[in-house]
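Notes follow once the structure below has been shown.
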Amino acid sequence: MSECSEGIAAIGKLRSTPAIIVDWAGGVAEHDQKDQQRNTYNRDVNIVDMLNMTWEFKLEPTAEQVCEIERTLEICRQVWNFALRERKDWLNSRKCPINACSLRSEYILACDQPFPGYHRQAKSLTMAKQEIEHLRSVNAQMLQQLLRKLDAAWESWRLKRSGFPRFKKSGRMRSFLFPQMLRNCVSSEGIKLPQLGLIRVRWSRGIPDWFRIKQARIVRKASGYFVLVSLQSDVEIPAVMPHGHPVGIDVGLEYFLATSDGEQVKRPRFFNALHRKLKLLQRRLKTKVRGSNNWLKLQRKIARVYQRIADTRKDWQFKLAHHLCSHAGMVFVEDLDFRIMAKGMLGKHTLDAGLGQFVNQILPWVCFKRDVYYGKVDARGTSQECPDCGAEVRKDLGIRIHHCHACGSIKPRDVASGQVICTRGQRGIENACGVEVTGALVTVSSQLALKQELFGVTQGISNRTVRLVG
Ligand SMILES: [Zn+2]
């Protein structure tokens, strides 16, 4: 019990810190499997028994350290490409039919050659180290971690969750991970890393004492080098229980979101200015000789604008999430798969708006931090229902106003679906009594809803689309 109350005090402290958490889910993904299991949400007692966070800090490396980082990235890239080649060769060797030889693909490996899985590759890496000197000069665990990452990418391709892992061109490897950190690696001057030594860090916020530093990932971005520190704490935090004022949120492209309280939030205008800048720079790129110094300079400039857009978007979304949470005790969203939406006609705008990032990463995290209940509801036909009388109101999706013939209510379409989402969320809580509110049937329903939504958007705001492009 005392542990639990300590946990509440801890999260209270955490919830009062106003800073920005970089990536709530990302940090978890790279932990060991054991960690992942422990990190699961414990349904029986409604307690999150371990807190993982990833915080991002800017590094201020010296010139030598930059060289060392770049050298490490290059070695990582070579190891990645070699290991991927090995796997791909094995795969190609299995493609030939047994009873015939094709001209295109032959058995290029022995037919009883085992598949080069993670353990096999890690073993051969250890052996390769004895012969190749530059492999010895980088952290051993780091390279193992890389092989593990490749294994995960391979698995996810095998399970049809993502595409085939790619070979990386020179300069394409952007990060590496130190999977184990010393206990006292952090000081006011900077962070102590294996091989790289002490690197100065711009500590934009203090790391609380009750967090252990588990891992550190060095990332190269357009605006410099960063370190992503994975923090872990054993505090037990009771999961947020449904309480307070409920708000349903409908996200879309015409308005970024609409709440059941009638608030409609547009995409901020500063994106347009940044996109204009981007377009200008990209147009200028054509006049430069590919690969020349000026071309490279311009490329770097473009990369910085891209990062600026991503950073501002994230900042804006965090502020928006906090704004929503300060007026609500429960937040409900539709259970949509944004990856499907991004493949559609308006893919660019979907990605640009960052809807998935907002709904699936930032909003849940801010809700958790602000003690607001977060629930997902079935997305089927949220826009075809009247929030006031429950009658079915068929709307062609070009129609942006909800007008119910049964009860006569008139309101903006997005607000109406926000209210439907809100009602569904509340009903879900009543039925399930605090257990998850998801309308578990993700696949079919969300795809259907999505198709409708896409269709509607193309009809309704085709003139607006032009403006979004800049
Ligand atoms: Zn009605």
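Quick notes
- First in region 361-388 and in the same structural domain as Val251 (by TED's automatic domain parsing) and closer than 16 Å to Asp337 by Cβ, second anywhere and of a type in the set (Gly, Ala, Ser) and within 16 Å of the ligand (Cβ to nearest atom), Cβ under 7 Å, 6 or more apart: Thr382/Ser417
- Within region 216-239, the residues that satisfy the criterion of being surrounded by fewer than 19 Cβ atoms within 10 Å (Cβ to Cβ) and either among the β-branched types (Val, Ile, Thr) or assigned to a loop (DSSP other than H, G, I, E, B) (or both) are Val219, Ala222, Ser223, Asp234, Ala239.
- Among the numbered conditions (1) without any contact (Cβ under 8 Å) to a residue 40 or more places away in the chain; (2) within 24 Å of the chain's Cα centre (by Cα); (3) assigned to a loop (DSSP other than H, G, I, E, B), the only one that Leu274 does not meet is (3).
- Restricting region 389-402 to residues that are within 12 Å of the ligand (Cβ to nearest atom) and surrounded by 17 or more Cβ atoms within 10 Å (Cβ to Cβ), the residue that is farthest from the chain's Cα centre (by Cα): Val393
- Checked against (1) within 15 Å of the ligand (Cβ to nearest atom); (2) crowded, with 20+ Cβ neighbours inside 10 Å; (3) at pLDDT below 85, Ala449 passes all but a single condition, namely (1).
- Set side by side, the residues Ala342, Ala328, Ala310 differ, and just one is at pLDDT 85 or above, in the same structural domain as Ala273 (by TED's automatic domain parsing) and part of a helix (DSSP H, G or I), which is Ala310.
- Considering each residue of region 358-380 in turn, none proves to be within 16 Å of the ligand (Cβ to nearest atom) and either assigned to a helix (DSSP H, G or I) or within 19 Å of Arg424 (Cα to Cα) (or both).
- Any chance Glu86 is modelled with pLDDT of 90 or more and either on the phi < 0 side of the Ramachandran plot or surrounded by 16 or more Cβ atoms within 10 Å (Cβ to Cβ) (or both): yes
- Test for Phe271: is it farther than 25 Å from Pro246 by Cα and buried (at least 17 other Cβ atoms within 10 Å of the Cβ): yes
- Pair list, Cβ under 6 Å, 6 or more apart: region 403-414 residue within 7 Å of the ligand (Cβ to nearest atom), other residue among the aliphatic types (A, V, I, L, M): Cys404/Val393; Ala406/Ala391
- Figure legend. Inter-residue proximity from region 79-101: first residues within 28 Å of Met173 (Cβ to Cβ), second residues modelled with pLDDT of 80 or more and not hydrophobic (A, V, I, L, M, F, W, C), beta-carbon distance below 6 Å, spacing 6+ or different chains. Indicated pairs: Trp80/Lys168; Ala83/Gln121; Leu84/Pro165; Glu86/Pro116; Arg87/Pro116; Trp90/Pro116.
The values are calculated or read from the model by the stated rules, or taken from the named source; none is laboratory data. Just so it is clear, the structure is predicted and the values come from calculations on it, not from any experiment. All Cβ positions, glycine included, derive from the backbone under ideal geometry; neighbour counts span all protein chains shown.
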